[in-house]
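Step one of this worksheet: look at the structure below.
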Amino acid sequence: MRYPPVYFLKQMNTFIIKGFMILFVSCVTIKLNLCSPNTSSLNTLPLDGHFNFHEVHHAARDFGNRYQFLPMAVLHPKTVSDIATTIKHIWDMGPHSELTVAARGHGHSLQGQAQTQRGVVINMESLEGPEIQVYTGSSPYVDVSGGELWINILHESLKYGLAPKSWTDYLHLTIGGTLSNAGISGQAFRHGPQISNVHQLEVVTGKGEVINCSEEQNEDLFHSVLGGLGQFGIITRARISLEAAPARVKWIRVLYSDFAAFTQDQEHLISSENTFDYVEGFVIINRTGLLNNWRSSFNSKDPVQASQFKSDGKTLFCLELAKYFNLDKTDLINEEVEKYLSRLSYIRSTLFMSEVAYIDFLDRVHVSEIKLRSKDLWDVPHPWLNLLIPKSKIHTFAEEVFGSILTATSNGPILIYPVNRSKWDNRTSIVIPEEHIFYLVAFLTSAVPSSTGTEGLEHILTQNKRILEFCETAHLGVKQYLPHYTTKKEWQAHFGPRWEAFVQRKSAYDPLAILAPGQRIFQKAIPFS
């Protein structure tokens, strides 16, 4: 049967339209990314490493487990030149290209900061360079790739009897990641954050330039990048200060029921010359059987009294301390620890102590990670909130937050400890409170995915919002650590009088806003000021 010409033309038009639609849809799917002109141009770049346009979904997730921005490609660089070539190519494409670049280390960001929608994620752990190089001498240091983990630096430097001075509580993070924020732990009161212990950096800017910088060379870029949230360059190599490493650690925990006594003792310890080497604290809300949980790894100084201690659901405050030493100083250290503790006002029946190897103390959080992974409780949403609070406001904060907003047991630790502002460098990009002493308060909660109660994500996010709203209305002068904002106005408020300098640095080192779009500070091709 022969079809009329008109009917045949209609059928042909239908086939053409359907074919066009199929082709169009194919071009915007990840699996057929090769249809994209951006993809084809990246494929032409002379690299030692390679791009992956298909297996990109892992780069759209992070530890926070709340945001997912799917990249167009993941770069697995072998050399710093691979990173520079890629960024220079995107820079040369100009403001009309929508391509952006996010450096991803160990994927421990909380709110998509190391992600980019339809851009390029650089897998920093793929970066191959010279091995970790430890230099001994009167001022020892280590040269290391920006994609290296702190735990690996620890293992290598210990071979020489050395170790970095300042740490984060969790060591399975990359150098570039922590130096782009600050890097804080219980040693920060003495040595400052990790960004206060860097001699030199190698950085790839948003123009694709590879620049070495330090306090003597390209000083502005050096201080811009430290604590700069990845806005001014990607850290590809760092020179980190080292010190003699101890062999052993006296690890101590004591409890307080009086917040004023707890903070007074903490502030005394971080202001004294001869004291502990590590000072942190925890808030324990409405938790029973507390001491029994510690007995697996800590011994009570007075087991009889400890067995009689009852928390009765009260809010308690735990002071965690560490004293580093070598075996030939054991007797002396025991005397010093006893002397230091005698000056503190903790509940005497709650003194628990342990002695461990230095490396085991520093890597203590990894033990918890292994346990949580075995129970499938690691890859859950982590709606963390980290705040820096001036000393003069910490009691006001605690009274409202620990007395009213948080009334149930937290599904994760609540850290609280003071640091000395004098150990921080004002020239870096990090924003901290103005007072001489300020506190880190970190709500490190984990959400139970299926829960709609107090352990659920929505409840925790509402709780975080209430805390932030209280800080604002009470004018506490709080600054967020690992900050997350979604509007320019909020970022301006965060930086305050330092906003204009931050904008100028962006204009100098990443004028097209190619880098770190996941921070949501600047948008590509939109003026900064």
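The values are calculated or read from the model by the stated rules, or taken from the named source; none is laboratory data. Note that the structure is a prediction, hence the values are computed from the model and not measured. Please note: Cβ atoms are built from the backbone with ideal geometry, for glycine as well, and neighbour counts cover all protein chains shown. Surface areas here come from the heavy atoms of the whole protein model, side chains and all, with no ligands, DNA or RNA. Shrake-Rupley method; radii C 1.70, N 1.55, O 1.52, S 1.80 Å.
Of all the residues that make up region 406-425, how many are at pLDDT below 95 and farther than 19 Å from V365 by Cβ? Total satisfying the criteria: 4. Going by the conditions given, is H54 outside any loop (DSSP other than H, G, I, E, B) and surrounded by fewer than 18 Cβ atoms within 10 Å (Cβ to Cβ)? So H54 does not fit the description; no.
Checked against the criterion of being over 15 Å from the mean Cα position of the chain (by Cα) and not in a loop (DSSP other than H, G, I, E, B), region 163-177 contains one or more residues that satisfy it.
Which one is surrounded by the fewest Cβ atoms within 10 Å (Cβ to Cβ) among residues in region 123-143 that are part of a strand (DSSP E or B) and touching a helix residue (DSSP H, G or I) at 6+ places or on another chain (Cβ under 6 Å)? Applying the filter and picking the extreme gives V134. Against the test of being hydroxyl-bearing (S, T, Y) and either part of a helix (DSSP H, G or I) or open to solvent by 40 Å² or more (accessible area, probe 1.4 Å) (or both), the options S451, S422 yield a single qualifying residue, S422. Do we have any residue at all in region 92-99 that's open to solvent by less than 100 Å² (accessible area, probe 1.4 Å) and modelled with pLDDT under 60? No: zero hits. A single entry from A474, A408, A398 fulfils the requirement of being closer than 17 Å to I285 by Cα, exposed (fewer than 14 other Cβ atoms within 10 Å of the Cβ) and touching a residue at least 60 places away in the same chain (Cβ under 8 Å): A408. For region 484-509, the set of residues classified as in contact (Cβ under 8 Å) with a residue 40 or more places away in the chain and either of a type in the set (V, I, T) or part of a loop (DSSP other than H, G, I, E, B) (or both) consists of H484 only.
In region 75-91, the residue that is farthest from N123 (Cα to Cα) out of those that are surrounded by fewer than 23 Cβ atoms within 10 Å (Cβ to Cβ) and hydrophobic (A, V, I, L, M, F, W, C) is W91. Within region 163-177, the set of residues being open to solvent by 10 Å² or more (accessible area, probe 1.4 Å) and out of contact with any strand residue (DSSP E or B) (no Cβ under 7 Å at 6 or more places or on another chain) comprises T168, D169, Y170, G177. Scanning region 144-162 for residues that are in a strand (DSSP E or B) and surrounded by 23 or more Cβ atoms within 10 Å (Cβ to Cβ) returns V144, S145.
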